[in-house]
Amino acid sequence: MATATAHHDAHPTGITRWLFTTNHKDIGTLYLVFSLFMFFVGGTMALIIRAELFEPGLQITNPHFYNQMLTLHALVMIFGVIMPAFVGFANWQLPMMLGAPDMALPRMNNWSFWILPFAFTLLLSTVFMQDQGGGPAGGWTMYPPLAIQGGIGTDFTILSIHMMGISSVLGAINVIATILNMRAPGMTLMKMPLFVWTWLITAFLLIGAMPVLAGAVTMLLTDRHFGTHFFDAAGGGDPVLFQHVFWFFGHPEVYILILPAFGIISQVIPTFSRKPLFGYNSMVYATASIAFLSHVVWAHHMFTVGMPVAGELFFMYATMLIAVPTGVKIFNWIATMWRGALTFETPMLFAIAFVILFTIGGLSGLMLAIVPADFQYQDTYFVVAHFHYVLVTGAIVAIFAGAYFWLPKWTGHMYNERLGKWHFWLTMIGMNLTFFPMHFLGLAGMQRRVPDYALQFTDFNQWASVGAFIFGFSQLLFVILVIQAVRGGKRATAQVWEGAEGLEWTLSSPPPYHSFATPPVVK
Amino acid sequence: MCVVRSQSRRGVLSRLISGITLAAVPVLAAADYQLNLPPPVSYIARRILDLHNLIFIICVVIFVIVFGFMFYAMVVHRKSRGHKPATFHDNMTFEVVWTVIPFLILVGMAIPSTATLIEMTDVSKADMTVKITGYQWKWKYDYPDQDLSFFSSLSTPRDQIEGKAQKGEYYLHEVDNPVVLPVGKKVRFLMTGNDVIHSWWVPQLGIKTDAIPGFINETWTNIDQPGVYRGVCAELCGKDHGFMPIVVNAVSQEEFDKWVVAQKQKASSDAASAGKTWTRDELMAKGKQVFQTCAACHGPNGEGIGPFPKLAGSKIATGPLKDHLNIVLHGKPGTAMQAFGTQMNDVDLAAVITYERNSFGNKTGDVVQPAQVKAAR
Amino acid sequence: MNAGAAHESGSASLVVRPNRSLSVAGMVVLFLALSLHAAAIGVWFTLAGAWMILPFTMLEILIVGLLCGWIYRHRDDCELITVEADRIHILKREGNGASRYDFPRYWARVHLDRRSGSASPTRLRIGSHGRYVALGEHINDADRVLLAQELTRLLRS
Ligand SMILES: [Cu+2]
Ligand SMILES: [Cu+2]
């Protein structure tokens, strides 16, 4: 007599569970925890920078150490915080949104995460080698010939970038395979949630961009140690070639850092507007055209290198064109809110802040595209303000929106809404106080990547530093909030949010489909 | 708009409060803080400022209109006010409209931008040429027509940077030898780099051009009012990137001519002093001055900074004089140690090498004469 | 779920097959799209003098190809469970390999382990005398629960 017995048994716990897990939820958690940890590492570097810039003169760093901080801050925030956070979201959400049991390539999923801690250990260890020249100090863009002069830190950085690249490529292939191969029957491409769409396109971009970065840093390495002259004018090479190669990777990279954010926002806004997303199709097309255009605008990072006029004009027009699909997205989000029934829980607050502040970054980006004006903005704090508006008040704010949005689903508990609102408002005050005055600093003549400045820049720098410390320390509230939600609290319902729709919400687990059946003939 | 320096330190709190007021009353703010590009002093800089103001205003207007709708929705279409959600999720007309209108605005912005860009790149019919070379971390100016050449580096004393002395008015924006240009003349600039990429930026002239080793970039200006215009290196070029300012002294043609003559006299008197034999004390005194350049990397007491080697007791500074001369004159490829033979005259080099070999505990007793340097070149 | 089950003198069978939404043709198109895009970039840079990108492009295409191959080999992964009058046969097909198990029907037990707190909350095993084989590892939890019920029902009938 056969029976189905239901009983509890112990699941693997402790370190081995996390080391060998192939489960998408576990790996998603690992990515997110890693990202949060690195957020504080990169944030500490930012605060060292802001502390140094609180006053003119050199107070707490020397210029060489300062340059290491600004370089590592960028590398950590880009490759250690924003990208892993989005991969973490993808791991958690893609299978749930698609009705799949897991990611398509679970074992590889485990590898692509575990490469990261090693890569960053390697990268950050350079800070402790000050006698050998310390960490990379030539900026995250690693322009030669300056990068050729760097110490051993540059070589460690190149190696760790290779590791991060492998991790990203494996992750991207996994995402594509999951989305295309694991969709539940009936989940056609044009029914996929927008978060899935933006990740699919992001993964395509990653696969196109990563070999370019790997090649670029390898050529730096061989120029440094193996006698090649790719970027050495004296040996017949071309230092500007590196910039072309780097930004051919770099511009798609900035969309890799923002498209998943668009996806998150496109999930959050309809939920709290209690109204379907406006213009789903045009959202998908806009995302695809942004991705396409991202391949032909790279040289807008190098308008001052002395390109032929025709080249400058081409890259100016192409860059300006990106404003059109980006505008479509913003209009669609606002149209989604229009005549909805809005409520303002923390995820929605972050999403609204994203739309407003990202637009500021987008508009300053449009200004930067105008070549003659760019000659004044290039390499100044105006640019610093621009990309922090895009990446911090853009990508990071979207990550917070997503984290608050899905945290109840992941932990089974509601987070502390009051604490969430405190976190939101302190973050808003801090980040805007930090980054908004930088526009003025840049226009007034302060160049970027300097540890010291002329006296007329003092006031705005002090605002920025005060803002940065408010921003930095208020992130501790988020850590407290997450720990609280993991440990307990009000139980979340399956749907969590009143207006939530999609496979991941409507059922406590994805709906069953006919994954087993009785076949007509046996052997 | 004027630039006001904060000689008197206000408290952080009062700064915060003034900041909030500033955000609220932008007109007032303009009196206190520089919020826009500095006043242009050339045709191109003026065109850029106009363009910047135009696109900025367009962006602000777009922002206000778009988010006006959003804020209206946030106030009126709230669930807490009992608003019931609509169900629409598509509207072809609107979607076409908000694709086409931005496109047209962009075309409107592209036209003046293109025109300005074409003017900026027209370097033909220049009255004179100045070649600018970026070094780690100073600028070299060559006037081929006037047969002049000199280096220009930061003149702010180390003590001010390290907080041991009161900071002067032009802290970090002052140099020993400003570049002098005549007003009302079309000056063509040729930019290149000696070691790494630098970028020559003077906001009031509307010029920012990268100085790239192995390449020559061209740009031009025509300054319309005499004055002193300050700028900086804009491209990260290593440790002292923040310490290589630019000062442009725009003067009338007569004053410019006088300056050229004076520069030439100075050059010939320098040449004369290179011929004489210097005493050890003279060399040590001068060497101490010149060593400020070296101290940026090797430390004020030759103790080295991070990756930059120390000189105190080092093999180079205490070993054979020939090696010491060689590395100072020709640099060390692949490192930040440059060929100072192209940057300093024989007297300075002789003095600084003498100084290095007899300071920080180094006791070689060597006295190096300018003639020896000349011979070693 | 039991509709149309093949019955023949008290025997029945079930096929457990994870859902695959990508056809073989779709996979070829995907592989070509990814690799041609990457290759075009690599070749273009090679022509511009930066030839060291191409080896990485090729490495990437190789990885994409290997993984496509893996997915292709596993496209027909399934578990075939045949319940006969006195025996249960299980055929697990994974990639190019297959493994067979069989158990006396009378002694067979179906275990559905619920693991609270774990990322994957259920595990389904079938077997007897301490020999167990996991079933339905590549399907959704909800499906696994249904599969457990179905199997239990079949064994009882
Ligand atoms: Cu870009
Ligand atoms: Cu510089």
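Computed quantities for the displayed model
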item	result
Percentage relative contact order, chain A, counting C-alpha pairs under 8 Å, at least six apart	16
Whichever lysines have a C-alpha closer than 22 Å to that of B:LYS125, once near sequence neighbours (fewer than 8 apart) are set aside	B:LYS185, B:LYS186, B:LYS208
Nearest-0.05 FRET efficiency for B:LYS332 and A:LYS421, computed from C-beta distance (R0 60 Å)	0.55
Chain B, relative contact order [Cα under 8 Å, separation at least 6], %	13
Dipole magnitude (debye, nearest 20) for segment B:37-120, charges at Cβ of Lys, Arg, Asp, Glu	480
Near-label residues of segment B:225-266 by backbone N, under 15 Å of a point 7 Å along Cα→Cβ of B:ASP147	B:260-266
For A:LEU313, solvent-accessible area (1.4 Å; no DNA, RNA or ligand), Å²	30
Spin-label model distance (nm) - B:PHE56 vs B:LYS310, 7 Å beyond Cα toward Cβ	5.1
Residues in segment A:209-239 that, when all protein chains are in place, have 10 Å² or more less accessible area than the chain alone would give (probe 1.4 Å)	A:PRO211, A:VAL212, A:ALA214, A:GLY215, A:THR218, A:MET219, A:THR222, A:PHE230, A:ALA233, A:ASP238, A:PRO239
Percent accessible area from carbon and sulfur atoms, segment B:274-376, protein chains only, probe 1.4 Å	57
FRET E, pair B:ARG280, B:GLN225, Förster distance 60 Å, beta-carbon r, rounded to 0.05	0.75
Reference-scaled alpha-carbon Rg (2.2 N^0.38 Å with N residues) for segment B:243-359	1.25
Shape parameters for segment A:25-85, alpha-carbon atoms, Rg then Dmax in Å	13.9, 49
Segment B:LEU35-B:GLN253, extension gain: residue separation times 0.36 nm, minus the distance between their alpha carbons	75.1 nm
Positive-end residue of A:TRP505, A:ALA318, A:PHE400, charge dipole of chain A with Cβ unit charges	A:TRP505
Under 13 Å, Cβ to Cβ, from A:ARG224 - net charge with Lys/Arg +1 and Asp/Glu -1	-3
Two-site label geometry, A:PHE40 and C:TYR72: point separation in nm, points 7 Å out along Cα→Cβ	4.8
Helix-only mean residue ellipticity at 222 nm for chain C, each DSSP H run of n ≥ 4 adding -39500 (n - 2.57), per residue, nearest 500	-13500 deg cm²/dmol
For A:352-360, mean number of other protein chain Cβ atoms within 10 Å	2
Segment A:203-279: chymotrypsin sites (Phe, Trp or Tyr not before Pro) in DSSP loop, at most 14 other beta carbons within 10 Å	A:PHE226
Global form of segment B:161-312, assessed from the alpha-carbon gyration tensor, a/c cut-off 1.5	oblate
Formal net charge of residues neighbouring B:ALA375 (Cβ-Cβ distance under 14 Å; K, R +1; D, E -1)	+2
Overall form of segment B:168-240 per C-alpha gyration tensor (a/c, 1.5; a/b vs b/c)	oblate
Computed over segment C:73-157, Kirkwood Rh from alpha-carbon pairs, angstrom	13.5
Inter-chain shielding of B:80-90 (mean C-beta neighbours from other protein chains, 10 Å cut-off)	6
Only Lys, Arg (+1) and Asp, Glu (-1) charged, at Cβ; chain A dipole about Cα centre in debye	1620
Inter-probe distance in nm under a simple model that places probes 7 Å from Cα toward Cβ, at C:VAL133 and A:ALA288	4.4
Check: the protein assembly as shown dipole with +1 on Lys, Arg Cβ and -1 on Asp, Glu Cβ, in debye	2700
Dipole of the protein assembly as shown, positive direction: furthest Cα of C:LEU147, A:MET367, A:ILE60, with charges on the beta-carbon	C:LEU147
Buried accessible area, chains B and A (both chains, 1.4 Å probe, Å² to nearest 100)	8700
Segment C:24-73, relative contact order in percent, only Cα pairs under 8 angstrom and at least six apart counted	38
Overall form of segment B:260-312 per C-alpha gyration tensor (a/c, 1.5; a/b vs b/c)	oblate
Spatially proximal aspartates and glutamates relative to B:LYS79 (Cα-Cα < 17 Å; intrachain offsets below 8 disregarded)	A:GLU345, A:GLU498
Cα pair count fraction exceeding 58 Å, expressed as % - the protein assembly as shown	20
Neighbourhood net charge (14 Å Cβ-Cβ; Lys/Arg +1, Asp/Glu -1) for B:ALA350	0
Accessible area of A:TRP140 in the full protein assembly, 1.4 Å probe (Å², nearest 10)	30
Computed lengthening from A:THR16 to A:ARG487, 0.36 nm per intervening residue step minus Cα-Cα distance	167.4 nm
Positive-end residue, segment C:40-129 charge dipole about Cα centroid, Cβ charges, pick of C:ALA108, C:ILE88, C:ILE63	C:ALA108
Once the Cα gyration tensor of chain B is diagonalised, semi-axes √(5λ) in Å	52, 27, 21
For chain A, diffusion coefficient by Stokes-Einstein and Kirkwood Rh (Cα), 10 °C, 1.306 mPa s, µm²/s	66
Antiparallel bridge percentage (DSSP; both residues within chain B; nearest 5)	70
Exposure ranking of C:TRP51, B:TRP98 by accessible area [1.4 Å probe, largest first]	C:TRP51, B:TRP98
Averaged over B:60-73, number of beta-carbon atoms from partner chains that fall within 10 Å	4
Per residue accessible area of chain C, 1.4 Å probe, in Å²	49
Order by protection proxy (mean Cβ within 10 Å, highest first), peptides B:168-176, B:254-262	B:168-176, B:254-262
Heavy-atom surface of segment B:274-376, accessible at 1.4 Å and reported per residue (Å²)	47
Antiparallel DSSP beta bridges within the protein assembly as shown, percent to nearest 5	80
DSSP-defined beta bridges in segment B:128-272 - what % are antiparallel, rounded to 5	70
Helical segments meeting 24 Å axial Cα length and Kyte-Doolittle 0.5 threshold in chain B (DSSP H)	B:43-76, B:92-120
Across B:LYS138/B:LYS258; B:LYS131/B:LYS374; A:LYS191/C:LYS92; A:LYS191/A:LYS421, pairs whose alpha-carbon gap is larger than 28 Å	A:LYS191/C:LYS92; A:LYS191/A:LYS421
Heavy atoms of C:CYS68 accessible to a 1.4 Å probe, total area in Å² rounded to 10	20
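The values are calculated or read from the model by the stated rules, or taken from the named source; none is laboratory data. Remember, it's a predicted structure, so these values are computed and weren't measured experimentally. Cβ coordinates were reconstructed from backbone atoms using ideal geometry, including for glycine residues, and neighbour counts include every protein chain displayed. What goes into the accessible areas is simple: the full protein's heavy atoms, side chains included, and nothing from ligands, DNA or RNA. Shrake-Rupley method; radii C 1.70, N 1.55, O 1.52, S 1.80 Å.
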